[in-house]
Amino acid sequence: MTDEEIRPAGAADAPAVAEVVDAAFRPYIERIGQVPQPMREDHAANVAAGRVFVTGDPVLGLVVVEAFEDHLYLDTIAVHPSAHGRGVGRRLLRFVDAHARALGLPEVRLCTNALMWENQKICAKYGYEPVERRVDGPYDRIHYRKRLLRRV
């Protein structure tokens with residue numbers, strides 16, 4: 001696999017998925033005052049459920065998605081800090097849009113912690129619009145959506 005390809009994660013990828021998520025989200029612990037939700041996830045279960053797609057060999061980035069009747073939920077996007085600035089995140093976001101379209105879904109939804117302002121800038125840059133801000137348990141989150149144009 002080249003660093004450009006995105007593929008479904010397999011069971012053998014679960015430790016790398018956990019490592020990338022940890023490396024990507026660990027810097028936020030101090031800022032938000034707790035462990036970010038993606039670091040608490042059961043990565044092996046998400047992989048087994050077919051929700052995780054990875055890129056790189058070794059894994060440099062990943063997305064965790066879940067299809068619903070009316071949207072694709074982008075639960076997590078993570079890029080290892082060693083791969084920042086190489087277009088990994090951009091490729092993953094394009095993949096999410098294409099995956100949603102392939103499933104016939106009209107939009108992608110996601111949320112990010114209100115204190116992760118870098119993510120808010122990325123959301124705006126890639127066409128996501130804020131829908132609401134709400135507290136979910138210990139997390140203050142901004143929810144976004146991106147309506148996808150139908151390709152003909």
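The values are calculated or read from the model by the stated rules, or taken from the named source; none is laboratory data. In this text the structure is predicted, and so the values were computed from the model without any measurement. All Cβ positions, even for glycine, are placed from backbone atoms using ideal geometry, and neighbour counts span all protein chains on display. The area values use the complete protein model at the heavy-atom level, side chains included, leaving out ligands, DNA and RNA. Shrake-Rupley method; radii C 1.70, N 1.55, O 1.52, S 1.80 Å.
One table, with the values for the structure above:
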| quantity | calculated |
| --- | --- |
| Förster radius 25 Å - calculated FRET efficiency between Ala102 and Glu129, Cβ distance, rounded to 0.05 | 0.65 |
| Probe 1.4 Å, protein heavy atoms only - accessible area per residue of the stretch 57-152 in square angstrom | 57 |
| Per principal axis, descending, Cα span of the stretch 68-152 in whole Å | 40, 32, 18 |
| Spin-label model distance (nm) - Ile29 vs Phe68, 7 Å beyond Cα toward Cβ | 3.0 |
| Cα gyration tensor shape for the stretch 1-76, rounded if a/c is under 1.5, else prolate or oblate | oblate |
| Calculated P(r) over Cα pairs in 10 Å bins from 0, in percent (choose from (1) 10, 30, 32, 17, 8, 3, 1; (2) 11, 36, 29, 16, 7, 1, 0; (3) 11, 42, 39, 8, 0), label | (3) |
| Loop-located chymotrypsin sites (Phe, Trp or Tyr not before Pro) in the stretch 16-70, at most 15 other Cβ atoms within 10 Å (DSSP) | Phe68 |
| For the stretch 43-152: relative contact order, % (alpha-carbon pairs under 8 angstrom, 6 or more apart) | 20 |
| Per residue, in Å², the accessible surface of the stretch 1-56 once ligands and nucleic acids are set aside, probe 1.4 Å | 51 |
| Efficiency of FRET between Ala45 and His143 - r from beta-carbon atoms, R0 25 angstrom, step 0.05 | 0.60 |
| Assigned charges on the beta-carbon of Lys, Arg, Asp, Glu; the stretch 1-106 dipole about Cα centre (debye) | 280 |
| Carbon plus sulfur fraction of accessible area for the chain, probe 1.4 Å, in percent | 53 |
